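Participant: Let me give you the structure first, and then I'll get to my questions.
The values are calculated or read from the model by the stated rules, or taken from the named source; none is laboratory data. Computed from a predicted structure; not experimentally measured. Cβ coordinates were reconstructed from backbone atoms using ideal geometry, including for glycine residues, and neighbour counts include every protein chain displayed. Accessible surface areas use protein heavy atoms only, side chains included; no ligands, DNA or RNA. Shrake-Rupley method; radii C 1.70, N 1.55, O 1.52, S 1.80 Å.
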Amino acid sequence: MGRVRGARITVRCDCGEVNYLDYGERWRCPKCGRTWDTGQISSEEYWGIMREMRRYRLQVMGVAVAVAAVGIGLGLLVGARFFTVMVAVLAFWFLFYMPRWRQKVRRRVRSLPTWNLRPE
């Protein structure tokens, strides 16, 4: 099995160079030669954020599976008349639920901490 990867970490060198690293990865700036190590970030904090983001994704997938299961079940029981109700449910999903969910996730991402790494 492969290694579990988290989100990439943006590292901005003091000279202006930018690179995207995995957690625990080191990078040597090609312009100034400084070495940056993302291992300076607390493991518990980083992986806690990754778990929280995964929980957000699983939550929306769980709700989608539940809505689909109920829709398929009722569609088989009720028949073609249920099609109009399902269109309304899907409209609610895409016009109200998902935009609010995305807004919640974006708000949380914007409030995440920033880390000030020290060059080695």
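Participant: Among the residues that make up the stretch 21-29, is at least one of them of a type outside the set (S, T, N, Q) and more than 25 Å from the chain's Cα centre (by Cα)?
Facilitator: So far as the stretch 21-29 goes, yes, one or more of its residues are of a type outside the set (S, T, N, Q) and more than 25 Å from the chain's Cα centre (by Cα).
Participant: May I pose another question? Does Thr84 meet the test of being touching a strand residue (DSSP E or B) at 6+ places or on another chain (Cβ under 8 Å) and hydroxyl-bearing (Ser, Thr, Tyr)?
Facilitator: no
Participant: A further question follows. Do we have Glu45 as at pLDDT below 95, under 22 Å from the mean Cα position of the chain (by Cα) and more than 26 Å from Trp101 (Cβ to Cβ) here?
Facilitator: no
Participant: Can you confirm whether the stretch 38-53 contains a residue that is touching a strand residue (DSSP E or B) at 6+ places or on another chain (Cβ under 6 Å) and under 23 Å from Leu112 (Cα atoms)?
Facilitator: Yes - at least one qualifying residue is present in the stretch 38-53.
Participant: Enumerate the helices (runs of 4 or more DSSP H) found wholly within the stretch 25-120, keeping only those where 1 or more residues are more than 30 Å from Gly6 (Cβ to Cβ) and open to solvent by less than 70 Å² (accessible area, probe 1.4 Å).
Facilitator: Answer list for the stretch 25-120: 43-78, 82-92.
Participant: Which pairs do you get when a residue that is at pLDDT below 90, found in the stretch 1-16, comes within reach of a residue that is part of a loop (DSSP other than H, G, I, E, B) and hydrophobic (A, V, I, L, M, F, W, C), reach meaning Cβ atoms under 9 angstrom, with the pair 6+ apart or on two chains?
Facilitator: From the stretch 1-16, no pairs qualify.
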